[in-house]
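Okay, so here's the structure we're looking at.
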């Protein structure tokens, strides 16, 4: 691979900060990385793109010392190195910020930053805090070193993780889906910091699926497909369509259709819903709205704003402190759902399809195969004491074919499948159950672009059939393109309900972090 000039500090023909040459990694018969070459220079941001299962994370795990390659070589500043552990990676200035933060909640930021450091003499927390403040000022972070982690927002926790690496002297930073749980405003602040770090000579690799952000923040794009490195592009010379086509290997339709709702009528009415956690914390506070037949109601909010509790309360999986949840049938008959178990709700003829946030914890049984997991949805159908395996087997085959589930067979245990393929099975099963109300939490989390658009099409098909769809998602661009109305949650309260067709992304982002009185909780079931 030829040297790629950077628009910034990376000199033309300069030595790469990192060079991965012929990296191969196998897991049994699966080749996760197939002789991959990758370079990143000082003073540039490299976006690493690829479908689910393309080998992005495996490649970065090899660079971070979590995996040891079966073949190939890694060079740092032009010199061959051997990285067998995360400690080795740290010694070479390499650090990775994962999607799931590794912080101790009851500790302060400074305590988390210095945790595990082997320092001679007595630990001087004040000196450490001063150094953190100095680093933060250099790159544009806004921090309080003595703030407890449990008092931090998601973006502040991410800042703590980045500072932890910079404090340890990292010059090569890898960020895995860094904006997945950030508002647009928080993402903008992060990108400003990353640009400052880039201009200071740091080498930064971002794994992401948000192509608009790739165009905004990166200097260069490396694309993996089925374990191979298939393209290296200068960002300012490419576009979303080209990147997507290279990831998938063929032309992909990138438009989300949004048919107009036909004769929408209230299907679920929620009034004054309050939900508390087991330790008494209020998760939902006086929430009111209506989900209508033949429309997609999007739910927006930063992580932990009550989205999960809302869907679980409607599905009968979460106790309700106060308020009502009413199901309205085609005949106008009203049924109160609060206090009923999921089975009670089903016996009323209410078909709630729930794609949970924790797909293996709540949605599927890891040791069962795909067919048996399909039976979990349909085993009560019929009166025979013996389960009929033919319909669920046919459904399993249909889901595997239509959603391109990567598996050696429908009799394989679900635990052997990648997270993205597990999600395909779960979503396919729930959508295939002919619901009247479809509750989806993070339906495309972990899925590649091609499959994500297939899921959006399936959701719109349900909408056309008159299903009331409640869609919780992380990507605001998708939410605004897919939903007819968007309910915005902020700290468990309704911050507002906006029209998806006229919604402004930045305004929705602001509503996710502060309550808006106008058109807020009072929008409720009437709109």
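Miscellaneous remarks
- Take each peptide in 73-83, 327-337, count the other Cβ atoms within 10 Å of every residue, and average; sorted highest first, the result is 73-83, 327-337.
- Centre-to-centre separation between the Cα atoms of segment 28-62 and those of segment 154-182: 19 Å.
- Förster-model FRET efficiency, 41 Å R0, residue 279 and residue 196, C-beta, rounded to 0.05: 0.55
- For the pair residue 130 and residue 286 in one chain, pulling the backbone fully straight at 0.36 nm per residue adds 51.8 nm over the alpha carbon distance.
- Kirkwood-type radius of segment 99-170, with distances r between different C-alpha atoms, in Å: 12.2 Å
- Projecting the alpha carbon convex hull of segment 36-117 along each direction and taking the average yields 7.0 nm².
- Ranked by how many other beta carbons lie within 10 Å on average, peptides 151-161, 406-416 from highest: 151-161, 406-416
- Mean separation of Cα contacts under 8 Å (6+ apart) over length of the chain, as relative contact order %: 15 percent
- Two-site label geometry, residue 398 and residue 507: point separation in nm, points 7 Å out along Cα→Cβ: 4.1 nm
- Antiparallel DSSP beta bridges within the chain, percent to nearest 5: 55 percent
- Segment 187-257 versus segment 460-504: alpha-carbon centroid distance in Å: 26 Å
- Estimated FRET transfer efficiency (residue 122, residue 82; beta-carbon r; R0 35 Å; 0.05): 0.55
- With Cα atoms, 0 to 90° folded angle of helix 154-167 axis to the chain main axis: 20 degrees
- Sequence-distant contacts, meaning Cα pairs under 8 Å at least 6 residues apart, place the relative contact order of segment 397-488 at 26 percent.
- Short-range pairs are left out: with C-alpha atoms under 8 Å and at least six residues apart, the relative contact order of segment 233-350 is 23 percent.
- Mean ellipticity per residue at 222 nm, deg cm²/dmol - from DSSP H runs of n ≥ 4 across the chain, formula -39500 (n - 2.57): -9000 deg cm²/dmol
- Sorting the segments 235-242, 95-102 by their mean number of nearby beta carbons within 10 angstrom, highest to lowest, gives 95-102, 235-242.
- Per-pair calculated FRET efficiency, R0 = 35 Å: residue 35 and residue 416 via Cβ, rounded to 0.05: 0.90
Every number here is computed from the coordinates shown, using simple stated rules; none is lab data. Nothing here was measured: the structure is a model prediction, and the numbers come from that model. So basically every Cβ, Gly included, is an ideal-geometry build from the backbone, and we count neighbours across all protein chains shown.
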